[in-house]
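A.B. asks: My questions will all concern the structure given below.
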Amino acid sequence: MSATMRAARMHHVGEPMKLEELPVPEPGPGDVRVAVHAVNIVPNLANILNMWTTWFPHSPLPTLPAIFGLDPAGVVEAVGEGVQAFKPGDRVYVNPGRSCGSCRSCRDNDSINCASYAFAGYFGFSRTAIDLLDRYQGGLAEYMVAPGHSLVKLPDNLSFNAAARFGYLGTMYSALRKAGAGPGKRILINGISGTLGIGAALLAPALGLTHVYGTGRDQGLLDQVGKLAGGRLNLHSLNDGPLDEWIREETDGYGVDIYVDALGPGAPHETFLAGMRAMARGGIAVNIGAVAGDLPVDIHRMMDQQLSLVGSAWFTSGEGQAMADMAEAGLLDLDPLEHHVFPLEQVNDAISGIAQRNGGFSNFIISPTATA
């Protein structure tokens, strides 16, 4: 194989990425090298590249120049010493979550709460994440190196383009699992037509969810979402009135057992708070959508009603494997996703063009194997 590869790197915050020839990375002990076929371009990537250092200076970017790209899928091309569960030729998704392996959380099998946790090809959650960010670059290249434990083995009936959506899909899946979602539970998804929220509609059949309530503003998108999940969804446009009043009417005053907020940065706080007011006694709220700022949550009501509010940042490789297994069994259907595929040379066009999308149905993909 060639000793070099094509990669898109950002050299300075706010500047377009540059396509360059770089050495092909070598996998170390426990690592694998993956030939990248698809990388999902998430809606938040433009914010990361342009404004992250101003918005969240405590959450570092990798040392520049760096290769970004959060959600890669491809084929194992080489394995390092000690890798046993994967071999060249395996089709995989690469979970970008990176942990140190030695802090207290890692030793307690809680890698997402690692003190140095980082998203390879994206950002870290503490200053000590820099080493992991620099060691494991992102997927906007022909090849990448990742730890073997980060891989998800893909079935033949799951395309690389669909698998590259696992990041946002897995975020919703993990949130639902943390909240104990299952048959009989009443569940509210705030922002169900968006990139995160639509995951609940896609996952509903696999999880046995029969009472899923979803909100959005675009009635056309809500109509599209309503065709998913075999009639399990009850949908409401926020333009038609407060969601908490709607939930009380729909549930005969009971409320919802689980509330997942999937709204993005800049969403109004009142909508989030209305979701909290829609919860039944003993309910659990999970925030995954990046609504920012201080919220006037009624903590006395939370005490009286025994409510919980937790944050959920990502998902494990084991949860990713469960989703792949659901797809193989025909329980998770990702065919409704609309793939917009760009070659590596058009990465900057893809990042700037993602603002024009069909809600959560659009799946923007960079494919190093595609031609311009």
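The values are calculated or read from the model by the stated rules, or taken from the named source; none is laboratory data. This structure is a prediction, so every number in the text was calculated from the model and none was measured. Heads up, the Cβs are rebuilt from the backbone with ideal geometry, glycines too, and the neighbour counts pull from every protein chain shown. Note: areas computed on protein heavy atoms with side chains; ligands, DNA, RNA excluded. Shrake-Rupley method; radii C 1.70, N 1.55, O 1.52, S 1.80 Å.
A.B. asks: Within region 318-343, how many residues are more than 18 Å from Leu151 (Cβ to Cβ) and out of contact with any Asp or Glu (no Cβ under 7 Å at 6 or more places or on another chain)?
C.D. replies: Initial filter on region 318-343 (more than 18 Å from Leu151 (Cβ to Cβ)): 329-343.
Subset that is out of contact with any Asp or Glu (no Cβ under 7 Å at 6 or more places or on another chain): 329-341, 343.
The total comes to 14.
A.B. asks: May I pose another question? Take Ala35 and tell me if it is at pLDDT 95 or above, open to solvent by less than 60 Å² (accessible area, probe 1.4 Å) and closer than 26 Å to Arg357 by Cβ.
C.D. replies: No, not satisfied.
A.B. asks: Could you please tell me which pairs satisfy a Cβ distance under 6 Å, a separation of 6+ or placement on different chains, a first residue in region 157-170 that is at positive phi, and a second residue that is of a type in the set (A, V, I, L, M) and open to solvent by 10 Å² or more (accessible area, probe 1.4 Å)?
C.D. replies: Between residues of region 157-170 that are at positive phi and residues that are of a type in the set (A, V, I, L, M) and open to solvent by 10 Å² or more (accessible area, probe 1.4 Å), there is no close pair.
A.B. asks: Collect the residues in region 321-333 that are buried (at least 20 other Cβ atoms within 10 Å of the Cβ) and either touching a Lys or Arg at 6+ places or on another chain (Cβ under 9 Å) or polar (S, T, N, Q) (or both), keeping them in residue-number order. Even if it seems obvious, please write down each step before you answer.
C.D. replies: Within region 321-333, the first condition is being buried (at least 20 other Cβ atoms within 10 Å of the Cβ), and the residues that meet it are 323-324, 326-327, 332.
Matches in region 321-333: Ala324 only.
A.B. asks: Right, here's the next one. Looking at region 336-359, is at least one residue closer than 20 Å to Ile192 by Cβ, open to solvent by 10 Å² or more (accessible area, probe 1.4 Å) and acidic (Asp, Glu)?
C.D. replies: yes
A.B. asks: Cβ-Cβ distance below 8 Å, separation of 6 or more or different chains: which pairs start in region 249-262 with a residue that is on the phi > 0 side of the Ramachandran plot and end on one that is open to solvent by 10 Å² or more (accessible area, probe 1.4 Å)?
C.D. replies: Gly255/Arg186; Gly255/Arg248; Gly255/Arg281
A.B. asks: From the list Gly282, Gly253, Gly264, pick out the single residue that is at pLDDT 95 or above, surrounded by fewer than 20 Cβ atoms within 10 Å (Cβ to Cβ), among the small types (Gly, Ala, Ser) and assigned to a loop (DSSP other than H, G, I, E, B).
C.D. replies: Matching residue, one of Gly282, Gly253, Gly264: Gly253.
A.B. asks: What single numbered condition from (1) modelled with pLDDT of 95 or more; (2) under 25 Å from Thr371 (Cα atoms); (3) in a loop (DSSP other than H, G, I, E, B); (4) among the charged types (D, E, K, R) fails to hold for Glu81?
C.D. replies: In the conditions (1) modelled with pLDDT of 95 or more; (2) under 25 Å from Thr371 (Cα atoms); (3) in a loop (DSSP other than H, G, I, E, B); (4) among the charged types (D, E, K, R), Glu81 misses (2) alone.
A.B. asks: Further question: Against the condition in a strand (DSSP E or B) and either crowded, with 21+ Cβ neighbours inside 10 Å or of a type outside the set (Phe, Trp, Tyr) (or both), how does Val13 come out, does it pass?
C.D. replies: Numbers: in a strand (DSSP E or B): no; either crowded, with 21+ Cβ neighbours inside 10 Å or of a type outside the set (Phe, Trp, Tyr) (or both): yes.
It is false that Val13 is in a strand (DSSP E or B) and either crowded, with 21+ Cβ neighbours inside 10 Å or of a type outside the set (Phe, Trp, Tyr) (or both).
A.B. asks: Okay, moving on. Anything in region 44-65 that is touching a helix residue (DSSP H, G or I) at 6+ places or on another chain (Cβ under 9 Å) and under 25 Å from Gly359 (Cα atoms)? List them, or say none. Explain how you work it out, then say what you get.
C.D. replies: As a first pass, look at region 44-65 and keep what is touching a helix residue (DSSP H, G or I) at 6+ places or on another chain (Cβ under 9 Å): 45-47, 49, 55, 58-63.
If the condition is that a residue be touching a helix residue (DSSP H, G or I) at 6+ places or on another chain (Cβ under 9 Å) and under 25 Å from Gly359 (Cα atoms), then Leu45, Ala46, Asn47, Leu49, Trp55 are the ones that fit.
A.B. asks: Quick check on region 195-207. Is at least one of its residues touching a strand residue (DSSP E or B) at 6+ places or on another chain (Cβ under 7 Å), under 30 Å from Val75 (Cα atoms) and touching a residue at least 40 places away in the same chain (Cβ under 8 Å)?
C.D. replies: Yes: one or more hits.
A.B. asks: In addition: Confirm whether Ser237 is hydroxyl-bearing (Ser, Thr, Tyr) and open to solvent by 10 Å² or more (accessible area, probe 1.4 Å).
C.D. replies: Spelling it out, it is not the case that Ser237 is hydroxyl-bearing (Ser, Thr, Tyr) and open to solvent by 10 Å² or more (accessible area, probe 1.4 Å).
A.B. asks: Kindly evaluate Pro242 against the criterion of being surrounded by fewer than 18 Cβ atoms within 10 Å (Cβ to Cβ) and either touching a Cys at 6+ places or on another chain (Cβ under 7 Å) or not small (Gly, Ala, Ser) (or both).
C.D. replies: yes
A.B. asks: Which one of these does Val152 not meet: (1) in contact with a Ser or Thr (Cβ under 7 Å, 6 or more places away or on another chain); (2) over 21 Å from Thr171 (Cα atoms); (3) in a strand (DSSP E or B)?
C.D. replies: Failing condition for Val152: (2).
A.B. asks: Looking only at region 267-279, which residues are farther than 22 Å from Lys185 by Cβ and not in a helix (DSSP H, G or I)?
C.D. replies: Ala267, Pro268
A.B. asks: Identify the residue in region 285-326 that is more than 29 Å from Trp52 (Cα to Cα), assigned to a loop (DSSP other than H, G, I, E, B) and modelled with pLDDT of 95 or more and, among all such residues, is nearest to the chain's Cα centre (by Cα).
C.D. replies: Among residues in region 285-326 that are more than 29 Å from Trp52 (Cα to Cα), assigned to a loop (DSSP other than H, G, I, E, B) and modelled with pLDDT of 95 or more, the one nearest to the chain's Cα centre (by Cα) is Leu307.
A.B. asks: Looking only at region 200-222, how many residues end up being over 19 Å from Leu332 (Cα atoms) and assigned to a helix (DSSP H, G or I)?
C.D. replies: So the count comes out to 4.
A.B. asks: Looking at Ala141, Ala129, Ala163, Ala118, which is the one that is within 15 Å of Pro25 (Cα to Cα), open to solvent by less than 10 Å² (accessible area, probe 1.4 Å), touching a strand residue (DSSP E or B) at 6+ places or on another chain (Cβ under 6 Å) and not aromatic (Phe, Trp, Tyr)?
C.D. replies: Numbers: Ala129 fails: within 15 Å of Pro25 (Cα to Cα); Ala163 fails: within 15 Å of Pro25 (Cα to Cα); Ala118 fails: within 15 Å of Pro25 (Cα to Cα).
Being within 15 Å of Pro25 (Cα to Cα), open to solvent by less than 10 Å² (accessible area, probe 1.4 Å), touching a strand residue (DSSP E or B) at 6+ places or on another chain (Cβ under 6 Å) and not aromatic (Phe, Trp, Tyr) holds for just one of Ala141, Ala129, Ala163, Ala118, which is Ala141.
A.B. asks: Identify the residue in region 177-199 that is in a helix (DSSP H, G or I) and of a type in the set (Lys, Arg) and, among all such residues, is most open to solvent (accessible area, probe 1.4 Å).
C.D. replies: Taking the candidates together, the pick is Arg177.
A.B. asks: Next question. Does any residue in region 228-247 that is touching a residue at least 24 places away in the same chain (Cβ under 8 Å) come within less than 9 Å, Cβ to Cβ, of a residue that is of a type in the set (Val, Ile, Thr) and open to solvent by 30 Å² or more (accessible area, probe 1.4 Å) six or more places away or on a different chain, and which pairs are these?
C.D. replies: So the pair list comes out as Arg232/Thr210.
A.B. asks: Within region 85-104, can you find the residues that are open to solvent by 30 Å² or more (accessible area, probe 1.4 Å) and assigned to a strand (DSSP E or B)?
C.D. replies: Across region 85-104, the qualifying residue is only Arg91.
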